[in-house]
Amino acid sequence: QEAKIAFGGLAQDTSLPVEVQADSLSVNNADGTAIFAGNVLVGQGEMKLSAASVKVEYATDGKAIARLHASGGVTIANLADAAEAQEAVYTIDSGTIVLTGDVLLTQGPSALSGQKLTINLKDGTGVMEGRVSTVFVPGGN
Amino acid sequence: MPARPDRHSRMIGWLKVLLPLAALTLLATLFLFSDRIDPSDAIPYAKVDVEDLAKDPRMSAPDYAGTTADGAGITLSAQSLRDGADGAGTSAEAISALIETPDGQRIDISAALANVDPSGKELRLDGGVSLATQAGYQLQTEAITADLEQTNLASTAPVTVTAPMGDIRADSFSLTQDPLNKGAYLLVFNGGVRLLYQPGGQSPSP
């Protein structure tokens, strides 16, 4: 089943510069794929995404970045909320992050877990799917 | 004097006077308009310091071409090449090198100074090195070492890169053959890598 949640409470401006920090970056000269490895930290405005490795997927023109494919244990923090999962795909232009692999979302005291979480940064909403279970603290947040 | 001479011989008489005068004035103007030839700057001297040239023999505009074990073609050209004293390896100035990898990638390198060690296997470029790869990466660093045996470039100083996707900064980089598949080459940045990418494509102000 599905649960609709507000994420971060504010729309994330996806045109902010994206900053990626990592221990190493390897670029394959032939097809130009770039892989960041070693506690990678992707920051855009308030949102921080940290992962073991992030693969950069280009748009067709090769100039713009289409998607950031983070894997190896991903945590995303946006103000008071944080989400953890095994993998995440962040499509910058459309501003959607899809987390997959036993996702855990904590919003203040309450927590929500499931298999797949789709966050839309533009309007700050998220949809959790797959074996959703939640812990509510009545009157907590 | 015969009776008044007729018109024809009077005209000839005048001509006998006027024509030589005209010839004389023409001759005079000949030297007036001719350009002054200044004998002192006849031979422009070369301004090269001859003692310096004689002191250490050098080769000007040398170039070197070779292929590495993994099939990448390397061509080097420089402004001047000097053989190092007591086996310190040859050193060259204003180097430009081109590496063509078997999978068709071109890497252009230019550097201020270069030094090939006596064994001739390793090339050290410093004094500001800039590399440009076909994928649109422009790298600026202080110094790199290049292995002439098999393609292995490594920078020994922080490197800043303007890449198609944005600006990158790293402590060092290395360009080696991808161990997984032979033909491809890996450009690896290590140490505090930082990429700044501006969505929408216009490059962010650093």
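Data for the structure
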item: From the options B:Leu98, B:Leu113, residue that is open to solvent by 50 Å² or more (accessible area, probe 1.4 Å), assigned to a strand (DSSP E or B), in contact with an Asp or Glu (Cβ under 6 Å, 6 or more places away or on another chain) and under 22 Å from B:Ser60 (Cα atoms); result: B:Leu113
item: Enumeration of residues in region A:29-52 that are part of a strand (DSSP E or B) and within 12 Å of another protein chain (Cβ to nearest Cβ); result: A:Ala34, A:Ile35, A:Phe36, A:Ala37, A:Gly38, A:Asn39, A:Val40, A:Leu41, A:Val42, A:Gly43, A:Gln44
item: Any chance A:Ala82 is within 9 Å of the chain's Cα centre (by Cα), free of Cβ contacts under 8 Å to residues at least 60 places away in the same chain and open to solvent by 20 Å² or more (accessible area, probe 1.4 Å); result: no
item: Residue ID - most open to solvent (accessible area, probe 1.4 Å), chosen from residues in region B:181-196 that are of a type in the set (Gly, Ala, Ser) and not in a loop (DSSP other than H, G, I, E, B); result: B:Gly192
item: Listing of strands (runs of 3 or more DSSP E) fully contained in region A:56-141 that carry 1 or more residues being touching a Pro at 6+ places or on another chain (Cβ under 8 Å); result: A:65-71
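The values are calculated or read from the model by the stated rules, or taken from the named source; none is laboratory data. Predicted model only: the values in this text are computed from it and were never measured. Every residue, glycine as well, gets a Cβ built from its backbone with ideal geometry; the counts of neighbours run over all protein chains shown. The accessibility values were calculated without ligands, DNA or RNA, using every heavy atom of the protein model including side chains. Shrake-Rupley method; radii C 1.70, N 1.55, O 1.52, S 1.80 Å.
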